[in-house]
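Heads up: the structure comes next, in structure tokens.
The values are calculated or read from the model by the stated rules, or taken from the named source; none is laboratory data. Everything numeric here is computed off the predicted structure, so don't read it as measured data. With ideal geometry, Cβ positions are generated from the backbone for all residues, glycine too; neighbour counts draw on all protein chains shown. When the accessible area is computed, the model is the full protein with side chains, heavy atoms only, and any ligands, DNA or RNA have been set aside. Shrake-Rupley method; radii C 1.70, N 1.55, O 1.52, S 1.80 Å.
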Amino acid sequence: QRQDAFQTLEGVLDCGSALGASIYVFHGQPDYRGGLHPGRISRLKETVGRICQMAGERGMRLAWENVSWCALKRPADAAYLMEACPGLFFVLDIKQAVQAGEEPFAFLPVLKDRLVHVHVLDFDPAGKLCLPGQGVFDFARLKRELDAAGYQGDVILEPYSAQAEDGLALRKSLDFLR
């Protein structure tokens, strides 16, 4: 199974390379055992290192995204991964951090120069997902903190279908983010 998975990944990375991708975004495994801790990280080190190497051979960086239902959901999880896997980079997903009960800004001092992508969506006061500019998340603070950290990567709007139905609202949200 592992070999089959690595062969499939090779094909995906080859396609990404052919398309000029520089980042492979990785969610990691679902969180069946209560999050990451040093004991689990040591078992991931070899596999993640191999994926980093495979991506690097194709001019890409492996970027592990925080996801509320997967292994990386807390800033401490990222710190463990950084120590074990020096070639690993990260994606900060604002909505996933909030859904995991984490403060999104708490990730920034941990990720520092290994942050290569940011995914954004917003929440209304009741906690329902909405487009940036329609909710309560402090995007001005996000910009200030990313600028202060010297962040040079992309920030992408990552709506689900329910937030993307209205093209005009989507355009207004993109304008708000810009």
Quiz item: Within segment 74-103, how many residues are without any contact (Cβ under 8 Å) to a residue 60 or more places away in the chain, open to solvent by 10 Å² or more (accessible area, probe 1.4 Å) and either closer than 22 Å to Cys130 by Cα or out of contact with any Pro (no Cβ under 7 Å at 6 or more places or on another chain) (or both)?
Solution: 16
Practice problem: With the condition kept exactly as written, say whether any residue in segment 105-113 is in a helix (DSSP H, G or I), over 19 Å from Arg2 (Cβ atoms), open to solvent by less than 10 Å² (accessible area, probe 1.4 Å) and not hydroxyl-bearing (Ser, Thr, Tyr). | Solution: yes
Practice problem: Answer yes or no: is there a residue in segment 72-83 that is touching an Asp or Glu at 6+ places or on another chain (Cβ under 9 Å) and of a type outside the set (Lys, Arg). | Solution: yes
Quiz item: When both residues are 6+ apart or on different chains and their Cβ atoms are under 7 Å apart, which pairs have a first residue that lies in segment 8-20 and is acidic (Asp, Glu), and a second that is at pLDDT 95 or above?
Solution: Glu10/Met54; Asp14/Arg58
Practice problem: Can you confirm whether segment 10-24 contains a residue that is of a type in the set (D, E, K, R) and at pLDDT below 90? | Solution: no
Exercise. Looking only at segment 164-171, decide whether some residue is in contact with a helix residue (DSSP H, G or I) (Cβ under 8 Å, 6 or more places away or on another chain), of a type outside the set (Asp, Glu), at pLDDT below 95 and buried (at least 19 other Cβ atoms within 10 Å of the Cβ).
Key: no
Practice problem: Residue by residue through segment 154-163, note down the ones that are hydrophobic (A, V, I, L, M, F, W, C), open to solvent by 50 Å² or more (accessible area, probe 1.4 Å) and within 20 Å of Lys128 (Cβ to Cβ). | Solution: Ala162
Quiz item: Which residue out of Gly101, Gly133, Gly127 is in contact with a helix residue (DSSP H, G or I) (Cβ under 7 Å, 6 or more places away or on another chain) and not in a helix (DSSP H, G or I)?
Solution: Gly133
Quiz item: So, in segment 136-149, of the ones that are modelled with pLDDT of 95 or more and part of a loop (DSSP other than H, G, I, E, B), which residue ends up surrounded by the most Cβ atoms within 10 Å (Cβ to Cβ)?
Solution: Phe137
Quiz item: Within segment 64-73, how many residues turn out to be crowded, with 20+ Cβ neighbours inside 10 Å, out of contact with any His (no Cβ under 6 Å at 6 or more places or on another chain) and assigned to a loop (DSSP other than H, G, I, E, B)?
Solution: 4
Quiz item: Quick one: would you say Glu46 is out of contact with any strand residue (DSSP E or B) (no Cβ under 8 Å at 6 or more places or on another chain) and either touching a residue at least 24 places away in the same chain (Cβ under 8 Å) or open to solvent by less than 60 Å² (accessible area, probe 1.4 Å) (or both)?
Solution: no
